[in-house]
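Below: one structure, written as structure tokens.
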Amino acid sequence: MSVGRFGAGILCWLLASSLGGPAVAQLAPRLTGSIVLTQLEAARHDLAARAARLPQSSLGATSQHLASMADALRRTLGNDAVKPIDTIGTEAKGSAYRAYAAAQRARAYLDATRGCLDADATAMAEALASTVDLLAAASGSSKLQPVINGVETMDHRPLFVLRESRKEMAFALVGENLFDAQCESPLVTATDRQGRPQSVQPSVTGLSPSRIELKLPDSTGLPSGGYVLHVRSRRKAFLVGCTSQPEAIAAVQVAAPAKLSVSYSLTATCGAGHGGAGHAMPPIAGTMPDISGAGTVSQRIVIEGCTDPLSYAISAKVTFGDGHGEAIGPISQIASAGITAGLPGGLSLSWDPSVRQLFVRASGNSCKGIY
């Protein structure tokens, strides 16, 4: 059957497109020991660079720990480094999966702390350090190795620090081989870094092999420090029923709500009569009520001796729990217009000249890795 000159041209175009056109999608390569080692080295290097900007944090030690994990894994893998880790011996497989989880968690830290305050990044670094320590010390192997690669919020943001809260919290553990539907649900328990059970325990709300969703009630009873999650699961085996699997672990840090103090300085410029130049009044300085979490505080400002203001100028400084502070301003505006400005720490400052009142609002923590 003849397709004609036009039809032949279309067939040639379709054939050329299928052979030489760009790929629509590309599958990731199978995970090998070499890939894990490369990811560990990249994470180690990037953590060392970040540690130079956070010298008081644990990042330097964690970077060195990742290097030690890479050395140990390299020795364990030997000539199997180029093979997919699912095809190698169970002991080497368990070590490779745990090293991969450490690299994944380190990468999540690096991504989640961009733009965070130093105090928040340092608290998150403690959670990362705990994770790497626990993974390096863990043992146990399985044909289908359970492993937790990360902790995240329900909207898939990396999670490293839980703030004490009276509100219920929901988050998830993500990884591989966490649940076998042919067996009972995994047991998830929480301890401190020393292995003592925590007073507040999570409950499981959702399950899949790659995700365990958890709910945490009022967490105000949790002491600050490490919050370690242990997942004990079982898997169906031929002829012997459900058998226990190696424990999978994850760690986050519990921290008290960040207390922020906002000081301000307001300067009014008053008119000097009809058509005259204005003159600045002495600055009015003060401190807003302490604010933590989400909410709003306000302060009424008494301005004496200025019945015809021309403009206002505001400066503000946020002081954090660790004592360091960051300032903005002065910001000026005509007397009839309000002033709104963003402050460090996820705060906003507003001046309402109609009621001569200053407001500070907290919209929650602006750092992605903190709940």
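The values are calculated or read from the model by the stated rules, or taken from the named source; none is laboratory data. If you're wondering where the values come from, they're calculated on a predicted model, not measured in any experiment. Cβ atoms come from the backbone with ideal geometry, glycine included; neighbour counts cover every protein chain shown. Quick note on the areas: whole protein, heavy atoms, side chains included, nothing else; ligands and nucleic acids left out. Shrake-Rupley method; radii C 1.70, N 1.55, O 1.52, S 1.80 Å.
Here are the numbers for this structure:
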| item | result |
| --- | --- |
| Residues being in contact (Cβ under 8 Å) with a residue 12 or more places away in the chain, outside any helix (DSSP H, G or I) and either among the polar types (S, T, N, Q) or over 20 Å from residue 35 (Cβ atoms) (or both) - total across region 54-105 | 4 |
| Qualifying residues in region 88-99 (those that are surrounded by fewer than 24 Cβ atoms within 10 Å (Cβ to Cβ) and either out of contact with any Asp or Glu (no Cβ under 9 Å at 6 or more places or on another chain) or among the hydroxyl-bearing types (Ser, Thr, Tyr) (or both)) - the one farthest from residue 56 (Cα to Cα) | 90 |
| Condition broken by residue 180, with the remaining ones in (1) in a strand (DSSP E or B); (2) touching a residue at least 60 places away in the same chain (Cβ under 8 Å) satisfied | (1) |
| Hits in region 351-366 (condition: at pLDDT 90 or above and not in a strand (DSSP E or B)) | 353, 354, 355, 356 |
| Qualifying residues in region 106-119 (those that are among the hydrophobic types (A, V, I, L, M, F, W, C) and part of a loop (DSSP other than H, G, I, E, B)) - the one farthest from residue 326 (Cα to Cα) | 116 |
| Residue check for residue 348: under 16 Å from residue 362 (Cα atoms), at pLDDT below 85, within 38 Å of the chain's Cα centre (by Cα) and open to solvent by less than 70 Å² (accessible area, probe 1.4 Å) | no |
| So residue 111, is it in contact with a strand residue (DSSP E or B) (Cβ under 8 Å, 6 or more places away or on another chain), surrounded by 20 or more Cβ atoms within 10 Å (Cβ to Cβ), among the acidic types (Asp, Glu) and at pLDDT below 95 | no |
| Candidate set from region 306-327 (those that are open to solvent by 40 Å² or more (accessible area, probe 1.4 Å) and of a type in the set (Val, Ile, Thr)); member that is farthest from residue 123 (Cα to Cα) | 307 |
| Selection status of residue 122, assigned to a helix (DSSP H, G or I), open to solvent by 30 Å² or more (accessible area, probe 1.4 Å) and within 22 Å of residue 158 (Cα to Cα) | yes |
| Matching residues, region 205-246, being within 19 Å of the chain's Cα centre (by Cα), in a strand (DSSP E or B) and farther than 18 Å from residue 188 by Cβ | 225 |
| Matching residues in region 167-189 - criterion: being more than 17 Å from residue 227 (Cβ to Cβ) and exposed (fewer than 15 other Cβ atoms within 10 Å of the Cβ) | 181, 182, 184, 185 |
| Options 53, 75, 30; residue that is modelled with pLDDT under 95, open to solvent by 30 Å² or more (accessible area, probe 1.4 Å), over 30 Å from residue 370 (Cβ atoms) and among the charged types (D, E, K, R) | 30 |
| Selected residue [more than 25 Å from residue 118 (Cβ to Cβ), part of a loop (DSSP other than H, G, I, E, B) and among the β-branched types (Val, Ile, Thr)] from 340, 307, 296 | 307 |
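Residues checked against (1) in contact with a helix residue (DSSP H, G or I) (Cβ under 8 Å, 6 or more places away or on another chain); (2) touching a residue at least 24 places away in the same chain (Cβ under 8 Å):
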site: 221; (1), (2): no, no
site: 226; (1), (2): yes, yes
site: 235; (1), (2): no, yes
site: 238; (1), (2): no, no
site: 251; (1), (2): yes, yes
